[in-house]
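Shown next, in structure tokens, is the structure this report addresses.
The values are calculated or read from the model by the stated rules, or taken from the named source; none is laboratory data. All values reported here derive from a predicted model rather than from experimental measurement. We place every Cβ from the backbone using ideal geometry, glycine too, and count neighbours over all the protein chains shown. Accessible surface areas use protein heavy atoms only, side chains included; no ligands, DNA or RNA. Shrake-Rupley method; radii C 1.70, N 1.55, O 1.52, S 1.80 Å.
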Amino acid sequence: MKIFKFFITKIFLRKAMIVLSVLLLLFLSNYLVFIADRSTVSTLQGYDEMKHLNQVDNYIANLDSNSDMNMGEIDKSDTQNVYDYLNNNFSYALFADGFIVSLPNAYDMEVSFAYLNEEYYKLNKQFKISQGKDLDFDYCFDNDIEIPVLIGKGLSETYPLGSKIKIEDPVLQKQITLKVQGILKPNVYHSNLYSLSSKQYYNFSVIIPINEDFINNSNVGLQLHGLFDIILLHTSKNEIKGLRKVIQDNLGLKFNFYTQEENFEYFNKYYFSSLKIITILTAILILILTCLTVWSSLASIRLMIKDFTINLFVGLSYSKLRKIFYGYYGVLFFINLIILFIITAYSRYGNWIRKDASFCTFGLFGVTQMDWLALLVVLFFDIIIGIIIVEIMLWRIKKVPISLGVLQ
């Protein structure tokens, strides 16, 4: 214990600025590894989600960046003309979300409505349920309309399976009845088509199945919003030309259509560039960290060479020294991991405080499986770095000349 105290107080903690610098470098390298790994996991989840769309004859709409949109100049007859053409010439998958409604719930969260048609539901396998049945799209659209829906985990306390919700629908602009047919699993998410690492969660969402009658009776908001990422199935670029002209003539907007593989290529171009920068920065930090720790330890040992020599002669061995070093850096890594966890938990829990329903997640302080996996990778990274630093330090210390002469 005395030997351990000697190394902690006289060698490692001899200069407070060095200790703080080591802690800071450790944290920065850990944080970069955490961000890179969590982003990678999120990206892989996005790839897995979008693989069902990635077929050579599926094309996804994208509003041209040079196209100016004025909602005031577009009315229902314009968008309906487009959907009439779509219904007569294409099979398409439609998904539109982000329609905020006031729906009381146990968490006092804002609730978003998401609308999808049967083709999209078949393509996308993300809306997995923990209770109840899958969506039914074959309902009768009339004045007494009752639609079977899926709800997020966060709404299930207030609206259990079988509940009926009477509400003013934001896209039909009339009161309808929603029947809770299924409850989503916790933390069901949907990735962005163009930024695979970006996703939003549906713990406080209502997933509403829509059919052709529903779309025809909806307002311009849903019809226009649904066009932005509409997926044309089993078609070709030649067939799409007619649709582009219909959109241009009726809405005054230019749309491009890409395969999901092309969207992947666009994303990869920027994502891997960012990942490369993070990797280079992490490598530089590790190099600086290793040099700083080895230099500071050797400098302290040389200053305390007499005490160090006495400890060697009274029982300190290099194997014990190795254990001391691993113990010290183990404590430093543990402190960094705790800080990293606190920051992650605060970020996740902050969404609950801000009532940001699209990013609220269930788990310990909202920390998700993706976060835990990233923290585990950081732990593995720290173990590797710790081994490198300790073994280099021991290698250099063994080269320090030790003899009885230093005691005179």
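Here are some notes:
- Furthest towards positive pole of dipole, Leu251, Tyr266, Thr235, structure part region 232-283, Cβ charges: Leu251
- Global form of region 176-250, assessed from the alpha-carbon gyration tensor, a/c cut-off 1.5: oblate
- Accessible surface for the chain, divided over its residues, is 49 Å² per residue with a 1.4 Å probe.
- Listed residues Cys360, Cys140, Thr293: farthest to the positive end of the dipole of the chain (Cβ charges): Thr293
- Electrostatic dipole magnitude of the chain [Cβ: Lys, Arg +1; Asp, Glu -1; Cα centre; debye, to 20]: 3880
- The convex hull defined by the C-alpha atoms of region 59-115 has an orientation-averaged projected area of 6.4 nm².
- Distance between modelled label sites at Lys166 and Asp108, nm, 7 Å Cα→Cβ extension: 2.7
- Summary of the geometry: region 125-158 and region 355-377, compared by the centres of their Cα atoms, lie 25 Å apart.
- Descending semi-axes in Å of region 124-272, equivalent ellipsoid built from Cα gyration tensor: 31, 23, 13
- Here region 9-150 has an Rg and Dmax of 25.0, 82 Å, counting Cα atoms alone.
- Length added when fully stretched, Lys179-Ile338, from 0.36 nm per residue minus Cα-Cα: 52.8 nm
- Binned Cα-Cα distances of region 100-150, short to long, each 10 Å bin given as a whole percent: 18, 42, 36, 4
- Between Leu28 and Arg396, the C-beta separation translates, for a Förster distance of 25 Å, into a calculated FRET efficiency of about 0.55.
- Listed residues Val188, Ile384, Leu394: farthest to the positive end of the dipole of the chain (Cβ charges): Leu394
- Distance between region 31-54 and region 237-255 - C-alpha centres, whole angstrom: 33
- Inter-label distance, nm, simple model (7 Å from Cα along the C-beta direction), Val101/Glu146: 1.6
- Cα-centred dipole magnitude for region 78-148, charges only on beta-carbon of K, R (+1) and D, E (-1), debye, nearest 20: 420
- q = 0.06, 0.09 Å⁻¹, the chain: log10 I(q)/I(0) [Debye, one scatterer per Cα]: -0.39, -0.69
- Long hydrophobic helices in the chain: the complete DSSP H runs spanning 30 Å or more by Cα along their own axis with mean Kyte-Doolittle hydropathy of at least 0.5 are 16-50, 260-303, 318-353, 369-397.
- Using a Förster distance of 51 Å, the FRET efficiency for Asn192-Lys320 (Cβ separation, nearest 0.05): 0.40
- Relative contact order (percent, whole number), the chain, Cα cutoff 8 Å, 6+ residue spacing: 26
- Simple label model, 7 Å out from Cα along Cβ direction - Ser91 to Lys128, nm: 2.6
- Shape category assigned to region 84-129 from the gyration tensor of Cα positions, a/c cut at 1.5: oblate
- Amide proton proximity set for Thr259, modelled H, under 5 Å, gap of 5+: Ile60
- Helix-derived mean residue ellipticity, 222 nm - over the chain, DSSP H n ≥ 4, -39500 (n - 2.57), to 500: -17500 deg cm²/dmol
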